[in-house]
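In what follows, a single structure is set out as C-alpha coordinates and then discussed.
The values are calculated or read from the model by the stated rules, or taken from the named source; none is laboratory data. In this text, all values refer to a predicted model and were calculated from it rather than measured experimentally. Please note: Cβ atoms are built from the backbone with ideal geometry, for glycine as well, and neighbour counts cover all protein chains shown. The accessibility values were calculated without ligands, DNA or RNA, using every heavy atom of the protein model including side chains. Shrake-Rupley method; radii C 1.70, N 1.55, O 1.52, S 1.80 Å.
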Amino acid sequence: MNRSLLGRIWPNAAAIVLALGFVFPVYWMFTTAFKPNSDIITEDPVWFPLHGTFEHFSTAVNAPNFWTLVGNSVTVTVLAVGLSLLIALCGSFAIARMRFKGRKGIILTFMVAQMAPWEVLVISVYMIVRDADMLNSLVPLTFFYMLMVLPFTLLTLRGYVAAVPKELEESAMVDGCTRRQAFVKIIFPLLAPGLMATSLFGFITAWNEFPLVLVLNKEPDKGTLPLWLSQFQSQFGDDWGATMAAASIFAVPILVLFLFLQRKAVSGLTAGAVKG
(Lines give C-alpha, C1' and ligand atoms only; values in the text may rest on other atoms or scores of the structure.)
Protein backbone atom coordinates (compact mmCIF):
# COMPACT_ATOMS: atom_id res chain seq x y z
CA MET A 1 0.00 0.00 0.00
CA ASN A 2 2.78 2.43 0.98
CA ARG A 3 4.78 1.48 -2.08
CA SER A 4 1.78 2.12 -4.29
CA LEU A 5 1.17 5.50 -2.64
CA LEU A 6 4.83 6.42 -3.00
CA GLY A 7 4.71 5.42 -6.66
CA ARG A 8 1.91 7.93 -7.23
CA ILE A 9 3.48 10.74 -5.20
CA TRP A 10 6.89 10.81 -6.88
CA PRO A 11 5.64 11.33 -10.46
CA ASN A 12 3.28 14.06 -9.30
CA ALA A 13 6.01 15.75 -7.27
CA ALA A 14 8.40 15.59 -10.22
CA ALA A 15 5.73 17.05 -12.50
CA ILE A 16 5.12 19.94 -10.08
CA VAL A 17 8.85 20.71 -9.84
CA LEU A 18 9.17 20.60 -13.62
CA ALA A 19 6.13 22.86 -14.06
CA LEU A 20 7.55 25.37 -11.58
CA GLY A 21 10.82 25.37 -13.50
CA PHE A 22 8.95 26.42 -16.64
CA VAL A 23 6.53 28.85 -14.99
CA PHE A 24 8.97 30.70 -12.73
CA PRO A 25 10.93 32.53 -15.50
CA VAL A 26 7.62 33.75 -16.96
CA TYR A 27 6.44 34.85 -13.51
CA TRP A 28 9.72 36.66 -12.85
CA MET A 29 9.58 38.41 -16.22
CA PHE A 30 6.04 39.73 -15.68
CA THR A 31 6.58 40.74 -12.04
CA THR A 32 9.85 42.51 -12.86
CA ALA A 33 8.07 44.46 -15.59
CA PHE A 34 5.74 45.91 -12.93
CA LYS A 35 8.32 46.48 -10.19
CA PRO A 36 9.69 49.95 -9.47
CA ASN A 37 13.42 50.34 -10.03
CA SER A 38 14.08 50.27 -6.30
CA ASP A 39 12.74 46.68 -6.13
CA ILE A 40 14.66 45.58 -9.24
CA ILE A 41 18.17 46.72 -8.31
CA THR A 42 17.99 45.70 -4.66
CA GLU A 43 20.37 42.99 -3.41
CA ASP A 44 17.49 41.12 -1.78
CA PRO A 45 15.07 39.77 -4.42
CA VAL A 46 11.48 40.92 -4.12
CA TRP A 47 9.55 37.73 -4.81
CA PHE A 48 6.07 39.19 -4.36
CA PRO A 49 6.00 42.91 -5.22
CA LEU A 50 3.45 44.90 -3.24
CA HIS A 51 3.67 48.05 -5.34
CA GLY A 52 3.45 48.11 -9.12
CA THR A 53 4.16 50.64 -11.84
CA PHE A 54 3.42 50.94 -15.56
CA GLU A 55 6.43 53.17 -16.15
CA HIS A 56 8.46 50.39 -17.77
CA PHE A 57 5.67 49.56 -20.22
CA SER A 58 5.43 53.22 -21.17
CA THR A 59 9.18 53.26 -21.84
CA ALA A 60 8.90 50.13 -23.97
CA VAL A 61 5.98 51.19 -26.18
CA ASN A 62 7.46 54.66 -26.69
CA ALA A 63 10.75 53.25 -27.94
CA PRO A 64 11.68 54.26 -31.54
CA ASN A 65 9.91 52.24 -34.27
CA PHE A 66 8.02 50.08 -31.77
CA TRP A 67 4.61 50.30 -33.44
CA THR A 68 6.16 50.00 -36.89
CA LEU A 69 7.86 46.77 -35.85
CA VAL A 70 4.63 45.49 -34.30
CA GLY A 71 2.93 45.99 -37.65
CA ASN A 72 5.82 44.28 -39.45
CA SER A 73 5.68 41.27 -37.13
CA VAL A 74 1.91 40.89 -37.43
CA THR A 75 1.99 41.27 -41.21
CA VAL A 76 4.81 38.82 -41.80
CA THR A 77 3.50 36.24 -39.34
CA VAL A 78 -0.13 36.27 -40.51
CA LEU A 79 0.81 36.13 -44.20
CA ALA A 80 3.38 33.36 -43.67
CA VAL A 81 0.97 31.22 -41.63
CA GLY A 82 -1.93 31.86 -44.00
CA LEU A 83 0.06 30.95 -47.11
CA SER A 84 1.52 27.83 -45.50
CA LEU A 85 -1.96 26.67 -44.43
CA LEU A 86 -3.37 27.20 -47.91
CA ILE A 87 -0.55 25.32 -49.64
CA ALA A 88 -0.36 22.57 -47.03
CA LEU A 89 -4.12 22.03 -47.09
CA CYS A 90 -4.05 21.29 -50.82
CA GLY A 91 -0.85 19.25 -50.60
CA SER A 92 -1.91 17.22 -47.58
CA PHE A 93 -5.20 16.27 -49.25
CA ALA A 94 -3.36 15.10 -52.36
CA ILE A 95 -0.80 13.10 -50.39
CA ALA A 96 -3.33 11.54 -48.01
CA ARG A 97 -6.04 10.71 -50.55
CA MET A 98 -4.22 9.99 -53.80
CA ARG A 99 -1.67 7.38 -54.80
CA PHE A 100 0.88 8.54 -57.35
CA LYS A 101 4.48 7.93 -58.28
CA GLY A 102 6.93 9.74 -56.01
CA ARG A 103 4.45 10.17 -53.17
CA LYS A 104 6.70 8.59 -50.54
CA GLY A 105 9.65 10.60 -51.81
CA ILE A 106 7.70 13.82 -51.31
CA ILE A 107 6.78 12.82 -47.77
CA LEU A 108 10.41 11.95 -47.01
CA THR A 109 11.57 15.27 -48.44
CA PHE A 110 9.25 17.21 -46.17
CA MET A 111 10.37 15.16 -43.16
CA VAL A 112 14.02 15.92 -43.91
CA ALA A 113 13.19 19.60 -44.41
CA GLN A 114 11.44 19.62 -41.04
CA MET A 115 14.47 18.09 -39.29
CA ALA A 116 17.09 20.34 -40.91
CA PRO A 117 17.96 23.49 -38.92
CA TRP A 118 17.22 26.66 -40.83
CA GLU A 119 20.28 28.38 -39.38
CA VAL A 120 22.58 26.47 -41.76
CA LEU A 121 20.81 28.12 -44.72
CA VAL A 122 21.05 31.71 -43.50
CA ILE A 123 24.10 32.55 -45.62
CA SER A 124 22.58 31.00 -48.75
CA VAL A 125 19.29 32.80 -48.17
CA TYR A 126 21.14 36.09 -47.67
CA MET A 127 23.01 35.69 -50.95
CA ILE A 128 19.79 34.91 -52.84
CA VAL A 129 17.95 37.91 -51.38
CA ARG A 130 20.95 40.20 -51.90
CA ASP A 131 21.32 39.19 -55.55
CA ALA A 132 17.60 39.83 -56.02
CA ASP A 133 18.08 43.30 -54.49
CA MET A 134 15.38 42.64 -51.87
CA LEU A 135 17.26 43.20 -48.62
CA ASN A 136 15.30 45.12 -45.96
CA SER A 137 12.01 44.01 -47.48
CA LEU A 138 9.17 42.12 -45.83
CA VAL A 139 8.43 40.10 -48.98
CA PRO A 140 11.39 37.66 -48.83
CA LEU A 141 11.02 37.46 -45.05
CA THR A 142 7.39 36.38 -45.44
CA PHE A 143 8.31 33.90 -48.17
CA PHE A 144 11.04 32.19 -46.17
CA TYR A 145 8.96 32.15 -43.00
CA MET A 146 6.27 30.38 -45.01
CA LEU A 147 8.82 27.81 -46.19
CA MET A 148 10.00 27.40 -42.62
CA VAL A 149 6.61 26.34 -41.26
CA LEU A 150 5.34 24.54 -44.38
CA PRO A 151 6.85 21.06 -43.75
CA PHE A 152 5.34 20.70 -40.28
CA THR A 153 2.04 22.13 -41.47
CA LEU A 154 1.77 19.73 -44.40
CA LEU A 155 2.82 16.64 -42.44
CA THR A 156 0.39 17.39 -39.60
CA LEU A 157 -2.54 18.13 -41.90
CA ARG A 158 -1.75 15.01 -43.93
CA GLY A 159 -2.28 12.90 -40.82
CA TYR A 160 -5.51 14.66 -40.03
CA VAL A 161 -6.90 14.33 -43.56
CA ALA A 162 -6.04 10.63 -43.46
CA ALA A 163 -8.00 10.31 -40.20
CA VAL A 164 -11.23 11.41 -41.93
CA PRO A 165 -12.99 8.31 -43.34
CA LYS A 166 -13.10 8.21 -47.13
CA GLU A 167 -16.70 6.99 -46.91
CA LEU A 168 -17.85 10.48 -45.84
CA GLU A 169 -16.39 12.01 -48.96
CA GLU A 170 -17.66 9.21 -51.18
CA SER A 171 -21.19 9.52 -49.74
CA ALA A 172 -21.22 13.22 -50.49
CA MET A 173 -20.12 12.55 -54.07
CA VAL A 174 -22.82 9.91 -54.47
CA ASP A 175 -25.35 12.54 -53.35
CA GLY A 176 -24.24 14.80 -56.16
CA CYS A 177 -21.30 16.76 -54.75
CA THR A 178 -18.17 17.23 -56.81
CA ARG A 179 -14.82 16.37 -55.24
CA ARG A 180 -14.23 20.06 -54.53
CA GLN A 181 -17.67 20.45 -52.93
CA ALA A 182 -17.16 17.30 -50.86
CA PHE A 183 -13.86 18.68 -49.60
CA VAL A 184 -15.27 22.12 -48.75
CA LYS A 185 -18.51 20.88 -47.15
CA ILE A 186 -17.41 17.60 -45.52
CA ILE A 187 -13.64 17.37 -45.09
CA PHE A 188 -12.72 20.97 -44.35
CA PRO A 189 -15.01 21.43 -41.28
CA LEU A 190 -13.55 18.25 -39.75
CA LEU A 191 -10.01 19.62 -40.09
CA ALA A 192 -10.52 22.45 -37.59
CA PRO A 193 -8.37 20.91 -34.79
CA GLY A 194 -5.57 20.17 -37.24
CA LEU A 195 -5.73 23.69 -38.65
CA MET A 196 -5.62 25.11 -35.13
CA ALA A 197 -2.58 23.02 -34.21
CA THR A 198 -0.61 23.88 -37.30
CA SER A 199 -1.53 27.57 -37.26
CA LEU A 200 -0.44 27.80 -33.62
CA PHE A 201 2.90 26.18 -34.35
CA GLY A 202 3.39 28.34 -37.43
CA PHE A 203 2.53 31.51 -35.54
CA ILE A 204 4.99 30.72 -32.74
CA THR A 205 7.75 29.86 -35.22
CA ALA A 206 7.32 32.97 -37.37
CA TRP A 207 6.70 35.31 -34.43
CA ASN A 208 9.86 34.20 -32.60
CA GLU A 209 12.21 33.84 -35.60
CA PHE A 210 15.41 35.84 -35.13
CA PRO A 211 18.48 34.77 -37.22
CA LEU A 212 16.87 35.38 -40.60
CA VAL A 213 15.51 38.86 -39.84
CA LEU A 214 18.85 39.76 -38.24
CA VAL A 215 20.64 39.05 -41.53
CA LEU A 216 18.06 40.22 -44.07
CA ASN A 217 16.46 43.28 -42.46
CA LYS A 218 19.01 45.52 -40.77
CA GLU A 219 17.26 48.87 -41.20
CA PRO A 220 15.62 49.98 -37.93
CA ASP A 221 12.10 50.23 -39.39
CA LYS A 222 12.26 47.06 -41.52
CA GLY A 223 12.74 44.46 -38.80
CA THR A 224 10.39 42.59 -36.50
CA LEU A 225 9.89 42.50 -32.74
CA PRO A 226 12.52 39.80 -32.01
CA LEU A 227 15.18 42.03 -33.59
CA TRP A 228 13.90 45.04 -31.63
CA LEU A 229 13.89 43.03 -28.42
CA SER A 230 17.50 41.89 -28.94
CA GLN A 231 18.64 45.52 -29.15
CA PHE A 232 16.61 46.67 -26.19
CA GLN A 233 19.28 46.26 -23.57
CA SER A 234 21.88 48.25 -25.50
CA GLN A 235 19.26 50.90 -26.21
CA PHE A 236 18.27 51.41 -22.58
CA GLY A 237 21.49 50.41 -20.83
CA ASP A 238 20.71 48.62 -17.59
CA ASP A 239 17.00 49.39 -17.57
CA TRP A 240 15.91 45.86 -16.70
CA GLY A 241 12.37 46.96 -15.98
CA ALA A 242 11.89 48.25 -19.53
CA THR A 243 13.60 45.16 -20.91
CA MET A 244 11.24 42.86 -19.01
CA ALA A 245 8.25 44.97 -20.03
CA ALA A 246 9.31 44.64 -23.68
CA ALA A 247 9.70 40.88 -23.27
CA SER A 248 6.25 40.68 -21.65
CA ILE A 249 4.64 42.61 -24.50
CA PHE A 250 6.36 40.31 -26.96
CA ALA A 251 5.18 37.14 -25.15
CA VAL A 252 1.55 38.13 -24.57
CA PRO A 253 0.21 37.35 -28.10
CA ILE A 254 1.69 33.84 -27.96
CA LEU A 255 0.25 33.16 -24.50
CA VAL A 256 -3.20 34.43 -25.46
CA LEU A 257 -3.24 32.46 -28.71
CA PHE A 258 -2.09 29.27 -26.97
CA LEU A 259 -4.70 29.54 -24.22
CA PHE A 260 -7.40 30.19 -26.82
CA LEU A 261 -6.43 27.28 -29.09
CA GLN A 262 -5.05 24.85 -26.50
CA ARG A 263 -7.70 22.13 -26.69
CA LYS A 264 -7.97 22.00 -30.45
CA ALA A 265 -4.20 22.25 -30.83
CA VAL A 266 -3.58 19.22 -28.62
CA SER A 267 -6.16 17.09 -30.42
CA GLY A 268 -4.84 18.22 -33.77
CA LEU A 269 -1.26 17.36 -32.94
CA THR A 270 -2.31 13.95 -31.60
CA ALA A 271 -4.27 13.09 -34.71
CA GLY A 272 -1.50 14.28 -36.98
CA ALA A 273 1.05 12.21 -35.12
CA VAL A 274 -0.64 8.83 -35.38
CA LYS A 275 -2.57 8.84 -38.65
CA GLY A 276 -1.56 8.52 -42.30
Quick count over region 91-114, residues being more than 11 Å from Val161 (Cβ to Cβ) and assigned to a helix (DSSP H, G or I), is 12
May I ask you to verify whether Trp118 is under 30 Å from Gly223 (Cβ atoms), out of contact with any helix residue (DSSP H, G or I) (no Cβ under 7 Å at 6 or more places or on another chain) and of a type outside the set (Lys, Arg)?
-> no
Scanning region 211-221 residue by residue, the ones that are open to solvent by less than 10 Å² (accessible area, probe 1.4 Å) and aliphatic (A, V, I, L, M) total 3
A careful count of residues in region 44-77 that are in contact (Cβ under 8 Å) with a residue 24 or more places away in the chain and either assigned to a helix (DSSP H, G or I) or among the hydrophobic types (A, V, I, L, M, F, W, C) (or both) gives 16
Considering residues that are open to solvent by 40 Å² or more (accessible area, probe 1.4 Å) and in a loop (DSSP other than H, G, I, E, B), the number found within region 159-195 is 4
Per the filter on region 33-56, residues open to solvent by less than 100 Å² (accessible area, probe 1.4 Å), among the charged types (D, E, K, R) and within 32 Å of the chain's Cα centre (by Cα) are Lys35
From the option list Thr205, Thr142, Thr224, Thr156, single residue qualifying as farther than 30 Å from Ala246 by Cβ, surrounded by 14 or more Cβ atoms within 10 Å (Cβ to Cβ), under 17 Å from the mean Cα position of the chain (by Cα) and β-branched (Val, Ile, Thr) is Thr156
With the first residue restricted to region 237-266 and required to be under 29 Å from Pro189 (Cα atoms), and the second required to be at pLDDT below 80 and surrounded by fewer than 14 Cβ atoms within 10 Å (Cβ to Cβ), Cβ contacts under 7 Å at 6 or more apart or on different chains are Lys264/Ala192
**Asked** Would it be correct to say that Met148 is at negative phi and not in a helix (DSSP H, G or I)?
**Response** no
